1. When only residues in region 30-50 that are open to solvent by 50 Å² or more (accessible area, probe 1.4 Å) and on the phi > 0 side of the Ramachandran plot count, which is modelled with the lowest pLDDT?
2. Only one of LYS89, LYS57, LYS53 is out of contact with any Phe, Trp or Tyr (no Cβ under 9 Å at 6 or more places or on another chain), modelled with pLDDT of 80 or more and over 17 Å from LYS147 (Cβ atoms); which?
3. Does region 181-195 contain at least one residue that is surrounded by fewer than 24 Cβ atoms within 10 Å (Cβ to Cβ), in contact (Cβ under 8 Å) with a residue 12 or more places away in the chain and more than 19 Å from GLY103 (Cα to Cα)?
4. Return a yes/no flag: does region 92-115 have any residue that is part of a strand (DSSP E or B), open to solvent by 10 Å² or more (accessible area, probe 1.4 Å) and free of Cβ contacts under 8 Å to residues at least 40 places away in the same chain.
5. Six or more apart or on different chains, Cβ under 7 Å: which pairs go from a residue in region 70-88 that's closer than 12 Å to GLN130 by Cα to one that's part of a loop (DSSP other than H, G, I, E, B) and open to solvent by 70 Å² or more (accessible area, probe 1.4 Å)? Could you list them?
Amino acid sequence: TLWVSSTFAQSVPAPVLCGPFKGVGYRGGIATPIKSGTAGRTYAAGRFVVNDKIILKAGEVISGAGPDKTTLYFPKGLIDLGYVCANPKDCWSWDGGLIPASGSEVGVQNLTIEFPVHTFTHYDTTIGAQPGFNGVDLSGCTNCWVKNVQVINSDVGIVARNSKYSTIENTSVTANPNGSHLHYAASSGSEYVLINGFSTYNTSNHCLTSQWKSMYNVFTNGTALGPTRIEPDHNEPTAADITLSLFSH
């Protein structure tokens with residue numbers, strides 16, 4: 001494992017790749033697109049209050065005027081909105097986001113996702129204890145991207161689950177200052193996901209992680225401010241399940 005930091009900027013260094021990790025990311029390693037928002041998913045400059053999930057399906061793109069210009073503010077988490085999470089007593093979990101995306105050619109770009117500061121306790125058993133201020137959830141996504149995006153005060157920042165050939169680039173996650181679950185994850189069988197040019201702020205229980213039979217994922221050109229866990233094989237119960245992910249400079 002080699003860890004060298006860079007800065008969160010509009011110009012992102014090329015990823016450092018080797019061996020079986022070549023060909024990761026959007027469409028096997030080509031540049032991520034910047035497309036116009038679709039299906040009414042384009043936001044101008046300003047601050048917008050969002051009171052439900054923004055669900056993205058194949059071919060849909062949500063786009064803003066830039067992370068320093070467009071903010072989507074979610075005052076309520078998944079529990080308060082009536083959603084049932086994988087652990088029904090709270091929504092700290094790896095799955096479920098307020099911007100879930102599935103299918104192919106789905107994009108989240110050029111905006112900030114913000115949540116209120118709140119109380120968080122890892123694995124609490126009180127109903128609603130973890131309200132589920134979870135950001136982008138790429139679930140079953142192929143050739144998808146998250147680009148030029150900031151997530152602020154999250155329990156879960158940006159996660160790829162059962163996703164392939166997708167790129168998360170030029171992003172930052174600021175964890176809820178009162179505790180959070182994770183910043184970035186490649187989870188549940190994700191393969192060839194590239195997380196390039198990222199920054200993490202504040203602490204979380206699982207900052208950067210790959211788990212549950214996720215393989216050939218790359219975390220590169222990152223800046224981590226604060227105590228940081230790097231977990232290339234979290235929750236792998238047997239040797240046969242061990243993931244293979246690359247953390248590079």
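The values are calculated or read from the model by the stated rules, or taken from the named source; none is laboratory data. Predicted, not measured: the structure shown is a model, and the values here were computed from it. We place every Cβ from the backbone using ideal geometry, glycine too, and count neighbours over all the protein chains shown. Accessible surface is based on the protein model in full, side chains and every heavy atom, while ligands, DNA and RNA are left aside. Shrake-Rupley method; radii C 1.70, N 1.55, O 1.52, S 1.80 Å.
1. In this case the residue turns out to be ALA39.
2. LYS57
3. Looking through region 181-195, none of the residues is surrounded by fewer than 24 Cβ atoms within 10 Å (Cβ to Cβ), in contact (Cβ under 8 Å) with a residue 12 or more places away in the chain and more than 19 Å from GLY103 (Cα to Cα).
4. no
5. Hits for this filter: LYS76/ASN51.
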